[in-house]
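Enquirer: This is the structure, below, for whatever I ask next.
The values are calculated or read from the model by the stated rules, or taken from the named source; none is laboratory data. Just so it is clear, the structure is predicted and the values come from calculations on it, not from any experiment. Cβ placement follows ideal geometry from the backbone for every residue including glycine, while neighbour counts extend to all protein chains displayed. We work out accessible area using only protein heavy atoms, side chains counted, and drop any ligands, DNA or RNA first. Shrake-Rupley method; radii C 1.70, N 1.55, O 1.52, S 1.80 Å.
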Amino acid sequence: MKNNNLKTYAKYFTQFIIAVAGLLLIIDFTIYRHAYFHLEEIIGFPAIFGFICFVFIVIVGKHLRKILMRKEDYYDK
Amino acid sequence: MTSSMIPGLWMIIASMLLPVIPNYFRQPAMLLSVFLSSLSLLNGFGTFLTWEILGFNLTLYHSDNLTLPFAIIFHLASLLVIIYGWHNKNLMENMATLAYAGSAIGALHAGDFFSLFIWWEATALTSVFIVLAGNTVSARNSAMRYLIIQVCSGVLLLIGASMMVYQTGNHELTKLDLSSNFGVFIFLAFGIKAAFPFLNGWLQDSYPESSPTGTVALSAFTTKLAIYALARTFPGTETLIWIGAIMTAFPVFFAVIENDLRRVLSFSLNNQLGFMVVGIGIGTELSLNGTVAHAFVHIIYKALLFMSMGAVLHRVGTTKASELGGLYKYMPLTTIFCIIGAMSISAFPLFSGFVAKSLIMSALGGQGLILIYFVLFFASAGVLEHSGIKIPYFAFFAHERKTKVKEAPINMLIAMGVAAFLCIGIGVYPKYLYSILPYSVNYQPYTIDHVISQLQLLVFAILAFLFLVKFKLYPSEIKSTVLNSDWFYRKMLPGIGKPLFQTLQKIIIKFYEVLSILFDLILGRSKKFANLSYIKVTTPGFAGLLMITILFIMLVLAVI
């Protein structure tokens, strides 16, 4: 029972985020965003950029573990 | 009386009086001293106190448009730290915290490099006791490393300042550049405290070792003092743009894999400093305003995040992500405050990070620096990852928790509440923040372009997070140590140095042995000389020899 609590919240949260994301894209189609660089003015650019950056950071971080990760008592030895 | 009293000095005097003040009045006395010191904020701009000594004219109390915003936020941070640590009965830590905050405030008002140096060292010496108050073996070791690095910074500053006086006859805190050799020394001194890439190891090493209250105090002052000093002496130095951009980007990857959440926040602190350094590097009025505004709001939300993690540490006893989770049920208020801090640092519209970061981004855009602009844009997604999502997610959610814990003590909640209120207040009414910035601004952060752009970035990054969690691609937390630039002096140098010195020592011992045989041959039976125990190689003797050799080499180099 208790375990379901967090899962339900997560479900609501996911739905909420998807709704907001959709809404933001719709708004982007209806207005013209002024930006400092043309690249950023492409419809949905910040969205795609944000998504890719996030995935990139996590995946690269994961692989960096191979180089940078040591045991917890590494410096104590 | 207050008018010529150096701001912050009240706090240092109070810290010295703390041992004779009864336990229950210590925190009120600390608050009172901060209040007395803060009266100096009403003094306005100008030079209020100079001291002529040994032919030098020291400007001890100078205030202008760059000092004021930093002085305000330093006083505010002191108040938050004291309220947050109201339950703290550790006398040494209380004294150190108050003196540390006082020294940092004093440093802001120094008008020349020598007075700055004195305060610079004062912040180092006082803050090392805060790290020591972590009261573990690793905290003690970390404190010693911290002290060495901080003193290095001070020594570099002193060398730079002395060379400057020698070469120019001037030691006032003015704009410098990197074409002069003393400029480079001073730049490095500031760079250590501002945690430039590869000079940053001390920050992530020591901050997470301190006590829950100690880390909050540490996070506010040292690095922002360095930012202030850089903004005063090196505005418009192009190198800083690149250094800052690297600073925003690289800690992001470390923060993803770090397990200790307070260390994650230290990486995040490093990344935030990068934004400010970029602002200094651009050097326009808009970008310097951005730097100051960012330092101002950053101190509040970073303190808030450290406070929430401190509350977790206080109640649960650890901030390791692998051992936390599900605290939302037991610490609901801390959870809410932490999320407010997380949203501020991620720069959600209507939160304080947004109104400050926009200034720097606009300055970058205005200068047409497209590469740096997108590096910072990328780093914004990174901030969301480690501070916006990772911190609240692993501490308060992730999975259900079996053992019960209590909500944070009331004083911690009050401090967090005030900080959270300020985060939202500044985000909703940025004009009050803008009115204290060094240059007058006519800037509107809430344009539809800005808001939509930023929201798209953040919301789709959250979507990416949900996507990664859903498909089990998000790395789980593992108990580990993540190597950082402190590895160079914690592992590499001892790794090379120890065998090297041991060989050297062996050679010297061999040399003495040969010498003694020669003596023996020459002096024959004279036991007094043949027994050369008095020139045996001892460790202090060896260290002394090394020091003398290094000094001799330096002397030779100086003569050349």
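Enquirer: Grab the Cα-Cα distance for B:ILE553 and B:VAL405, subtract it from 0.36 nm times how many residues apart they are, and report the gain in nm with one decimal.
Expert: Numbers: separation 148, 0.36 × 148 = 53.28 nm, distance 6.00 nm.
So the extension gain works out to 47.3 nm.
Enquirer: On a straight-distance basis, which lysines could pair with B:LYS320 in a cross-link, Cα separation under 19 angstrom, same-chain partners fewer than 8 positions away excluded?
Expert: A:LYS62, A:LYS71, B:LYS302, B:LYS329, B:LYS390, B:LYS402, B:LYS404, B:LYS406, B:LYS479
Enquirer: Something else now. Report the local net charge at B:SER485: Lys and Arg +1, Asp and Glu -1, summed over other residues whose C-beta lies under 13 Å from its C-beta.
Expert: Numbers: positive: B:ARG145, B:ARG490, B:LYS491; negative: B:ASP205, B:ASP486.
Overall, the nearby charge balance is +1.
Enquirer: Something else: What is the helix-to-structure angle for A:45-68, meaning the angle in degrees between its Cα long axis and the longest Cα principal axis of chain A, kept from 0 to 90 and rounded to the nearest 10?
Expert: 10 degrees
Enquirer: Using a 10 Å cut-off around each Cβ of peptide B:481-488, what is the average number of partner chain Cβ atoms that fall inside? Provide the component values of the computation, followed by the final result.
Expert: Values: counts 9, 7, 7, 1, 0, 1, 4, 0.
Mean inter-chain Cβ contacts per residue within 10 Å come to 4.
Enquirer: Sticking with this structure for a sec: Considering only the other residues whose Cβ falls under 13 Å of the Cβ of B:PRO445, what net charge follows from Lys and Arg at +1 and Asp and Glu at -1?
Expert: With Lys, Arg at +1 and Asp, Glu at -1, the net is +1.
Enquirer: Which listed residue (B:ALA395, B:PHE56, B:LEU359) has the Cα farthest towards the positive end of the charge dipole for chain B, taking +1 on Lys and Arg C-beta and -1 on Asp and Glu C-beta about the Cα centre?
Expert: Projecting each Cα onto the dipole axis, the largest value belongs to B:ALA395.
Enquirer: For B:LYS470, give me every one of the aspartates and glutamates with a C-alpha distance below 19 angstrom, ignoring sequence neighbours fewer than eight places off in its own chain.
Expert: B:GLU385, B:GLU400
Enquirer: Further question: What percentage of the solvent-accessible surface of the protein assembly as shown, computed with a 1.4 Å probe over protein heavy atoms, is contributed by carbon and sulfur atoms?
Expert: So the carbon and sulfur contribution to the accessible surface is 71 percent.
Enquirer: When only C-alpha pairs under 8 Å and at least 6 residues apart count, what is the relative contact order of chain B, in percent? Each step should come with its number before you reach the end.
Expert: Numbers: 892 pairs, mean separation 72.3, N = 560.
Here the relative contact order equals 13 percent.
Enquirer: Each label point is 7 Å from the Cα along the Cα-to-Cβ direction; what then is the distance between the points at B:PHE25 and B:LEU515, in nm?
Expert: 6.3 nm
Enquirer: Then there is this: Order B:120-126, B:79-85, B:269-275 from most to least packed using the mean count of other Cβ atoms within 10 Å. Before the final figure, lay out each step's value.
Expert: Working: B:120-126: 22.1, B:79-85: 24.4, B:269-275: 26.3.
So the peptides B:120-126, B:79-85, B:269-275, ranked by packing, come out B:269-275, B:79-85, B:120-126.
Enquirer: Per residue, how large is the accessible surface of chain B? Use a 1.4 angstrom probe and give square angstrom. Don't skip to the answer; put the middle values down first.
Expert: On the way: 22320 Å² over 560 residues.
Heavy-atom SASA per residue in chain B reads 40 Å².
Enquirer: Compare the Cα positions of B:HIS171, B:TYR100, A:PHE13 along the charge dipole of the protein assembly as shown (+1 at Cβ of Lys, Arg; -1 at Cβ of Asp, Glu; about the Cα centre) and return the one farthest towards the positive end.
Expert: Sorting the options by dipole projection puts first A:PHE13.
Enquirer: Protein chains only, probe 1.4 Å: how do B:MET16, B:MET247, B:MET144 rank by accessible area, largest first? Please list the in-between numbers first.
Expert: Details: B:MET16 135, B:MET247 0, B:MET144 95 Å².
In descending accessible area the options line up as B:MET16, B:MET144, B:MET247.
Enquirer: Let me cross-check B:ASP449: its accessible surface, 1.4 Å probe, with only protein heavy atoms counted, in Å² to the nearest 10?
Expert: Approximately 30 Å² of B:ASP449 is accessible to the 1.4 Å probe.
Enquirer: Can you put B:ARG26, B:ARG315 in order of accessible area, largest first, using a 1.4 Å probe?
Expert: Result of the area sort, largest leading: B:ARG315, B:ARG26.
Enquirer: If you don't mind, another one. Taking the simple approach of a point 7 Å from Cα along Cα-to-Cβ for both A:ILE18 and A:LYS71, what is their distance in nm?
Expert: Simple spin-label model gives 4.5 nm for this pair.
Enquirer: When the dipole is taken about the Cα centre of the protein assembly as shown, and only Lys, Arg (+1) and Asp, Glu (-1) are charged at their Cβ, what size is it in debye, to the nearest 20?
Expert: 2380 debye
Enquirer: Expected output is a single nm value to one decimal: the length gained when fully extending between B:ILE13 and B:LEU493, i.e. 0.36 nm times separation in residues minus the C-alpha distance. What is it?
Expert: Gain on stretching B:ILE13 to B:LEU493: 168.7 nm.
Enquirer: In peptide B:361-368, how many Cβ atoms from other protein chains are near each Cβ within 10 Å, on average?
Expert: Partner Cβ neighbours, averaged per residue: 1.
Enquirer: Are there DSSP H segments in chain B that both extend 27 Å or more along their axis (alpha-carbon positions) and score a mean Kyte-Doolittle hydropathy of at least -1.0? List them, or say none.
Expert: Sorted by number, the helices that extend far enough and score high enough are B:113-132, B:137-168, B:212-233, B:238-257, B:261-282, B:285-316, B:448-470, B:493-523, B:539-559.
Enquirer: Hey, another quick one. Quick one: what Rg and Dmax do you get for chain B from the alpha carbons, in Å?
Expert: 25.7, 97
Enquirer: Continuing with this model, one more query. What is the dipole size for segment B:235-484, taken about its Cα centre, with +1 at each Lys and Arg Cβ and -1 at each Asp and Glu Cβ, in debye to the nearest 20? Could the numbers behind the result be given before it?
Expert: Values: 16 positive and 10 negative charges, 180 e Å.
For segment B:235-484, the charge dipole is close to 860 debye.
Enquirer: Keeping all protein chains in the complex and leaving out DNA, RNA and ligands, what accessible area do you get for A:ILE52 with a 1.4 Å probe, in Å² to the nearest 10?
Expert: 100 Å²
Enquirer: Using helices alone, I'd like the mean residue ellipticity at 222 nm for the protein assembly as shown: each DSSP H run of four-plus residues gives -39500 (n - 2.57), total over residue count, nearest 500.
Expert: After summing the helix terms and dividing by the residues of the protein assembly as shown, the value is -23000 deg cm²/dmol.
Enquirer: Moving on to the next point. Hey, what angle do you get for helix A:2-30 against the long axis of chain A, alpha-carbon based, 0 to 90 degrees rounded to 10?
Expert: Rounded to the nearest ten degrees, it is 40.
Enquirer: Dipole of segment B:52-172, Cα-centred, from +1 at each Lys and Arg C-beta and -1 at each Asp and Glu C-beta, to the nearest 20 debye?
Expert: 520 debye
Enquirer: If you take each beta carbon of peptide A:23-29 and count the beta carbons of other chains within 10 angstrom, what is the mean?
Expert: 3
Enquirer: At a probe size of 1.4 Å, how large is the accessible area of B:VAL559, to the nearest 10 Å²?
Expert: We get 120 Å² for B:VAL559.
Enquirer: Here is a further query. Out of B:THR213, B:ALA249, B:CYS152, whose Cα points farthest toward the positive end of the dipole of segment B:148-293 (charges: +1 Lys, Arg; -1 Asp, Glu; placed on Cβ)?
Expert: Of the candidates, B:THR213 comes out farthest on the positive side.
Enquirer: Roughly how much accessible area, to the nearest 100 Å², goes out of reach of solvent when A and B pair up, both sides summed, probe 1.4 Å? If you can, show how the numbers build up before the last one.
Expert: Working: alone 7880 and 24780 Å², together 27580 Å².
In total, chains A and B hide about 5100 Å² from solvent.
Enquirer: I want to make sure I understand the PRE zone here: with the label point 7 angstrom from the Cα of B:PHE35 toward its beta carbon, which residues in segment B:64-78 have backbone N atoms less than 19 Å away?
Expert: Correct set: B:72-78.
Enquirer: In what sequence, highest mean first, do B:195-204, B:230-239 appear when ranked by Cβ atoms within 10 angstrom?
Expert: Answer by packing, highest mean first, reads B:195-204, B:230-239.
Enquirer: Using amide H atoms built 1.01 Å from N in the peptide plane, name the residues 5+ places from B:THR50, or on other chains, whose amide H lies under 5 Å from its own.
Expert: Excluding prolines and chain starts, which carry no amide H, the hits are B:LEU60.
Enquirer: With a 1.4 Å probe and every protein chain left in place, work out the accessible area per residue of segment A:2-76 in Å², rounded to a whole number.
Expert: Value returned for segment A:2-76: 65 Å² of accessible area per residue.
Enquirer: May I have the pair-distance distribution P(r) for segment A:2-76, computed from all Cα-Cα distances with 5 Å bins from 0 and rounded to whole percent?
Expert: Percent of pairs per bin, in order: 3, 12, 12, 14, 13, 12, 13, 10, 6, 4, 2, 0.
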